[in-house]
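One structure is given here, and the rest of the page talks about it.
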Amino acid sequence: MKICIITGSSGLIGSESVSFFSSKFDKIIGIDNNMRAVFFGQDASTEWNTKRLTSSVANFEHHAIDIRNLADVEKLFSTYGNDIKLIVHTAAQPSHDWAAREPITDFTVNANGTLNMLEATRLHCPQATFIFTSTNKVYGDTPNYLPLVELEKRWEIDEKHPYFKEGIDELMSIDHTKHSLFGASKVAADVLVQEYGKYFGMNTGVFRGGCLTGPNHSGTQLHGFLSYLMKCAITGDHYTVFGYKGKQVRDNIHSWDLVNMFWHFYQNPRQGEVYNAGGGRHSNCSMAEAIELCEKITGKKMNYSYSKDNRIGDHIWWVSDVSKFKAHYPTWSWKFNITDILTQISENISVRSK
């Protein structure tokens with residue numbers, strides 16, 4: 001039997017992974033205890049997604065396990081042992097604002113939880129492939145010291161800089177920078193996943209995501225920028241733009257495109273490898289450009305205001321260079337761009353609100 005374990009299985013990337021891998025494995029085991037509702041309130045609850053997956057994916061099995069509890073994690077892994085071929089670890093506390101409120105909770109979920117998952121893999125299915133969704137926040141605020149140019153609707157990097165063509169690569173230092181506490185806990189997890197690959201010879205891959213997005217995102221003000229923005233565009237709820245004149249740039253990768261990267265890695269895994277994973281030059285936008293797109297798609301003017309105070313450790317400009325991954329897996333490419341993504345989010349929110 002071929003089994004795939006997915007943590008955070010009711011979240012954006014987790015649920016996309018359940019759907020994607022359900023036809024490729026005999027059993028999909030989801031681990032999700034709806035901590036997103038604890039972090040961000042009931043509006044961010046993923047319970048709706050758990051119900052959707054349970055009813056629509058025949059070989060899906062849900063477990064409400066807290067990954068901080070090693071005994072429960074080990075019990076599950078020991079049940080299936082070497083039948084477990086793939087672990088997709090997406091469960092996390094994902095907000096740097098929230099992390100500052102409860103640093104211990106943030107660290108135990110992101111770092112200790114990842115360690116528990118790695119150790120359970122090493123002890124019970126060491127030949128399995130372990131995929132970790134890291135974040136570009138491991139680079140801290142180093143990107144803000146790049147030579148940036150202010151344009152009419154966005155910040156952009158100087159065209160003479162090596163990062164102009166493809167974006168920021170994996171050689172950027174993660175040291176001597178302000179990460180936010182969230183970024184620090186993700187650095188710890190990121191390095192652990194690398195180390196289990198390099199030290200123990202396990203098949204582990206780290207994917208440092210830009211803005212991960214898609215129609216199944218339960219977006220809130222503190223996390224899920226595009227989803228929450230479109231939600232406000234549809235409902236008329238107020239949205240606050242924080243800092244950088246609303247010209248901060250993010251690359252945005254559709255959850256399907258990211259999970260397709262996981263699939264390519266699984267078929268030819270490496271040990272302790274690291275990849276930047278985002279929309280790159282194919283799919284990116286500034287906050288101002290995203291607002292314009294939301295207004296165009298919905299046909300409504302947005303209700304928003306501007307606060308000059310940016311979030312601590314936030315990036316002014318981020319575009320992921322995915323050249324390394326493309327070199328290792330040349331048959332992979334993006335399927336969705338920023339307009340596709342926002343249109344799908346709009347359609348999904350409209351359906352769910354009925």
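For segment 201-354, the average shadow cast by the Cα convex hull is 9.8 nm², which is a quarter of the hull's surface. Amide hydrogen proximity for I157: with H placed 1.01 Å from N in the peptide plane, the residues at 5 or more positions away or on another chain lying under 5 Å are V149.
Max-minus-min Cα coordinates of segment 253-327 on each principal axis give 47, 31, 16 Å, with the largest extent listed first. If you plug the beta carbon distance of A327 and L151 into 1/(1 + (r/R0)^6) with R0 = 25 Å, you get a FRET efficiency near 0.25.
Rounded to the nearest 20 debye, the dipole size of segment 1-58 about its Cα centre is 200 debye, using +1 on the Cβ of Lys and Arg and -1 on the Cβ of Asp and Glu. For segment 253-259, 3J(HN,Hα) computed residue by residue from phi via the Karplus equation (6.51, -1.76, 1.60; θ = phi - 60°) reads 10, 5, 4, 5, 5, 5, 5 Hz, glycine and proline entered as x. For segment 131-210, dividing the convex hull volume of the Cα atoms by the residue count gives 113 Å³ per residue. Given the C-alpha centroids of segment 261-306 and segment 15-71, what is the distance between them in whole angstrom? Comparing the Cα centres of segment 261-306 and segment 15-71, I get a distance of 23 Å.
What translational diffusion coefficient, in µm²/s and rounded to a whole number, does the Stokes-Einstein relation yield for segment 16-76 at 20 °C and a viscosity of 1.002 mPa s, taking the hydrodynamic radius as the Kirkwood radius over Cα pairs? Stokes-Einstein gives a translational diffusion coefficient of 170 µm²/s.
For the pair S305 and H176, a Förster radius of 45 Å applied to the C-beta separation gives a FRET efficiency near 0.80, rounded to the nearest 0.05. Take the Cα of K296, step 7 Å toward its Cβ, do the same at D83, and the gap between the two points is 5.0 nm.
Net length available on complete extension from F164 to T339 is 60.8 nm, with 0.36 nm assigned per residue and the Cα-Cα distance removed.
The order of the peptides 246-256, 175-185 by mean Cβ neighbours within 10 Å, most packed first, is 246-256, 175-185. Residues of segment 76-95 falling in the label zone of N59, defined by backbone nitrogen less than 17 Å from a point 7 Å along Cα to beta-carbon, are 80-88.
The aspartates and glutamates within cross-link reach of K137, meaning a Cα-to-Cα straight distance under 16 Å and a gap of 8 or more places when in the same chain, are D97, D106, D169, E170, D175, D190, D251, D314, D321. From most to least packed by mean Cβ count within 10 Å, the peptides 153-162, 108-117 give 108-117, 153-162. Backbone phi angles across segment 229-246, fed through the Karplus curve with coefficients 6.51, -1.76 and 1.60 (θ = phi - 60°), yield HN-Hα couplings of 4, 5, 4, 5, 4, 6, 7, x, 5, 6, 10, 10, 8, 9, x, 6, 6, x Hz in residue order; Gly and Pro are listed as x.
Note that segment 143-151 has calculated 3J(HN,Hα) couplings of x, 6, 9, 6, x, 9, 10, 8, 9 Hz, one per residue in order, obtained from phi through the Karplus relation 6.51 cos²θ - 1.76 cosθ + 1.60 (θ = phi - 60°); glycine and proline are x.
Projected onto its three principal axes, the C-alpha set of segment 115-178 covers 54, 24, 21 Å, listed from the longest axis down.
In the chain, the calculated helix contribution to ellipticity at 222 nm averages -11500 deg cm²/dmol per residue, counting -39,500 (n - 2.57) for every DSSP H run with n ≥ 4. A 32 angstrom limit on the alpha carbon distance is what I want to check against. Which of K27/K198; K186/K296; K178/K247; K186/K324 exceed it? Over 32 Å Cα-Cα: K186/K296.
Relative to one another, the C-alpha centroids of segment 237-255 and segment 185-216 are positioned 24 Å apart.
Read-outs: derived from the displayed coordinates by stated rules, not from any lab. No experiment lies behind these values; they were computed from the predicted model shown. Cβ: placed from backbone, ideal geometry, glycine included. Neighbour counts: every protein chain shown.
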